[in-house]
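Worksheet for the structure shown next.
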Amino acid sequence: MDLINSQFPDALIPTFYKAKSLNIFCKLVAYLELLSEPGNIRLRVIDMEKIKVAKELIESNLNQNFTIPQLARTVGTNEQYLKKHFKQFYGKTVFNFIVECKMHKAKQMIKERDLKISAISQQLGYKHATHFTTAFKKFFGYTPNALRYLFVVFIENYAATKDIASILI
């Protein structure tokens, strides 16, 4: 309707049409980009945006322990819809995605070596460092302290050995 009822002077109409066309094109590209992500499911653009917002919310708030009902309410959908479409869209459950994000962030933080494991666990929303350590070991197969030790020993003493460094990174 904007295209038909525009209130612009005649001299600006072509520019207005170009801007509207570009806007439509950008929305189409965003839609196609979302379709090409894992799962390749057909959802309305607004629904895809809700799933994408949930993912971004998780990634940018790793210190929070979102429940699925909270997350669903925040993005404006229901729990079942979020769980079903998140898994279809990203190939993993919401819970597994949260754990994966937290564990990869933890690994990155451990590499920095400045922070204690208890501080890292707190920053990632764990109430107890032991719960964090258990989750980390379950995810990676080794404890956070073991990883830190490997970085200290191998990276500092054997930095020239790129094969070992690439395994740890």
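The table below lists the values:
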item	result
Subset tally (residues that are farther than 26 Å from ARG148 by Cβ and surrounded by 13 or more Cβ atoms within 10 Å (Cβ to Cβ)) for segment 85-131	10
First in segment 8-26 and free of Cβ contacts under 8 Å to residues at least 60 places away in the same chain, second anywhere and part of a helix (DSSP H, G or I) and among the hydrophobic types (A, V, I, L, M, F, W, C), Cβ under 6 Å, 6 or more apart	PHE8/PHE16
ALA11 under 34 Å from the mean Cα position of the chain (by Cα), modelled with pLDDT of 70 or more, outside the structural domain of LYS83 (by TED's automatic domain parsing) and loosely packed, with under 13 Cβ neighbours inside 10 Å	no
Residue count for segment 99-131, restricted to those that are among the aliphatic types (A, V, I, L, M) and farther than 18 Å from SER60 by Cβ	5
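Residue-by-condition table, conditions (1) part of a helix (DSSP H, G or I); (2) of a type outside the set (A, V, I, L, M); (3) not assigned by TED's automatic domain parsing to the domain that holds ASP47:
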residue: ASN63; (1), (2), (3): no, yes, no
residue: PHE66; (1), (2), (3): no, yes, no
residue: LEU71; (1), (2), (3): yes, no, no
residue: HIS85; (1), (2), (3): yes, yes, no
residue: MET103; (1), (2), (3): yes, no, yes
residue: GLN108; (1), (2), (3): yes, yes, yes
residue: TYR126; (1), (2), (3): no, yes, yes
residue: ALA146; (1), (2), (3): yes, no, yes
residue: VAL153; (1), (2), (3): yes, no, yes
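The values are calculated or read from the model by the stated rules, or taken from the named source; none is laboratory data. What you see is a predicted model, and the numbers here were worked out from it, not measured in a lab. Counting neighbours? That spans all protein chains shown, and the Cβs are built from the backbone with ideal geometry, glycine included.
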